[in-house]
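The structure appears right after this line, and notes come after that.
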Amino acid sequence: MSTPEVPEGSIPVLDHGFVRLDDAMASDLSVVNAARVSFARHKQEMESEDEGLIGFLLRNRHGTPFEHNSFRFHVRCPIFVMREWIRHRWSSFNEFSMRYTRANDDFYIPALEDMRQQVGKPGSYSFEPVEPELAETARAEMEKANKASYATYDRLIEAGIARELARTVLPVAAYTEFYWTVNARSLMNFLSLRNAEAAQREIHRYAEVIEGLFAERMPLTHAAFVSAGRTAP
């Protein structure tokens with residue numbers, strides 16, 4: 001089975017993934033008006049003083065004005081990446097279902113430079129590159145295991161086993177798709193944790209793309225977030 005079509009406007013991530021901003025109702029002005037309604041004020045356009053207000057709100061953890069906006073992302077990523085993603089519960093998800101639709105045969109295989117070893121103890125370990133020969137061997141083993149699991153899945157489907165059962169043989173390297181709707185406050189929390197050195201490299205790659213899209217839509221809010229040490233309000 002071939003890879004599903006990549007929608008127009010998608011930004012590639014990893015070997016078969018992407019991020020696409022499907023829609024957004026988000027602006028710096030939404031933050032300003034949400035904050036100033038306390039004083040019965042409403043603006044049609046941003047003014048110079050409003051940048052300072054956004055910075056004040058962020059530094060002082062006045063978070064609710066950042067909730068009156070919405071981003072809807074379309075994401076394709078490995079299942080293990082999504083399992084980290086859905087821990088960010090202050091947002092909404094709708095995911096591709098392998099109960100109703102046949103799985104595709106795309107699996108994440110790390111690039112040679114992404115093959116790594118864990119050094120140290122949990123909580124204080126680091127990740128180091130492995131020798132090229134080991135990286136090649138590991139990639140080949142991963143590909144072999146993925147192909148074998150999909151072949152088993154395929155045989156079970158052809159034999160008449162329900163998709164909801166046949167999918168249980170697929171590994172977490174299989175790709176899934178989902179829509180993710182999130183406001184700026186929750187998005188900044190996601191970015192503070194996932195676009196960070198301590199994050200797993202694969203979800204970090206997705207978070208980098210998402211942060212770029214966030215910065216395009218809400219540049220003053222993003223700048224204040226960075227200035228405040230990347231701490232969500």
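State the Kirkwood hydrodynamic radius of region 47-100 in Å, one decimal place, computed from all pairs of distinct Cα atoms.
14.5
When only alpha-carbon atoms count, how far does region 73-114 stretch along each of its three principal axes, as whole angstroms with the largest first?
35, 26, 16
Jot down the per residue volume, in cubic angstrom and as a whole number, of the convex hull over the alpha-carbon atoms of region 112-172.
Taking only Cα atoms, region 112-172 has a hull volume of 95 Å³ per residue.
Separation of region 25-65 and region 169-204 by C-alpha centroid, Å?
Cα centroid of region 25-65 versus Cα centroid of region 169-204: 27 Å apart.
Once you have the alpha carbon radius of gyration of region 1-98, what is it after dividing by 2.2 N^0.38 Å, with N set to its residue count?
1.44
Can you give the calculated 222 nm mean residue ellipticity of the chain, where each DSSP H run of n ≥ 4 adds -39,500 (n - 2.57) and the sum is split over every residue, rounded to the nearest 500 deg cm²/dmol?
-13000 deg cm²/dmol
Only four residue types carry charge here, +1 at the Cβ of Lys and Arg and -1 at the Cβ of Asp and Glu. Report the dipole size of region 112-172 about the Cα centre in Debye, rounded to the nearest 20.
Using only the charged Cβ atoms, the result is roughly 360 debye.
If I build a Gaussian network model for the chain, linking alpha-carbon pairs within less than 10 angstrom, which residue out of ARG205, ARG89, ARG72 has the largest mean-square fluctuation?
ARG89
Rank by packing, highest mean first: peptides 121-127, 104-110, 34-40, with packing defined as the count of other Cβ atoms within 10 Å averaged across residues.
Result, highest mean Cβ count within 10 Å first: 104-110, 34-40, 121-127.
Please list 132-145, 48-61, 213-226 highest first by mean number of surrounding beta-carbon atoms within 10 Å per residue.
My ranking of the peptides, most packed first, is 213-226, 48-61, 132-145.
Farthest toward the dipole's positive end in the chain, which of ILE157, HIS88, TYR175, given Cβ charges of +1 (Lys, Arg) and -1 (Asp, Glu) about the Cα centre?
About the Cα centre, the residue reaching furthest to the positive side is HIS88.
Within 10 Å, count the other beta carbons around each residue, average over each peptide in 150-161, 184-195, and list them highest first.
184-195, 150-161
May I ask you to list the aspartates and glutamates whose Cα is less than 16 Å away from that of LYS43, ignoring any residue fewer than eight positions away on the same chain?
ASP28, GLU51
When TRP90, TRP85, TRP180 are ordered from fewest to most other Cβ atoms inside 10 Å of their Cβ, what list results?
TRP90, TRP85, TRP180
Net charge around GLN118, counting only other residues with Cβ within less than 14 Å of its Cβ (Lys, Arg = +1; Asp, Glu = -1)?
Result for the local shell: +1.
If one takes the longest principal axis of the Cα atoms in the chain, at what angle in degrees, from 0 to 90 and to the nearest 10, does the Cα axis of helix 132-158 lie?
So the helix axis and the longest Cα principal axis differ by about 80 degrees.
Each value in this text was obtained by applying a stated rule to the coordinates, not by laboratory testing. All values reported here derive from a predicted model rather than from experimental measurement. Using ideal geometry, Cβ is built from the backbone for each residue, glycine included, and neighbour counts are taken over all protein chains shown.
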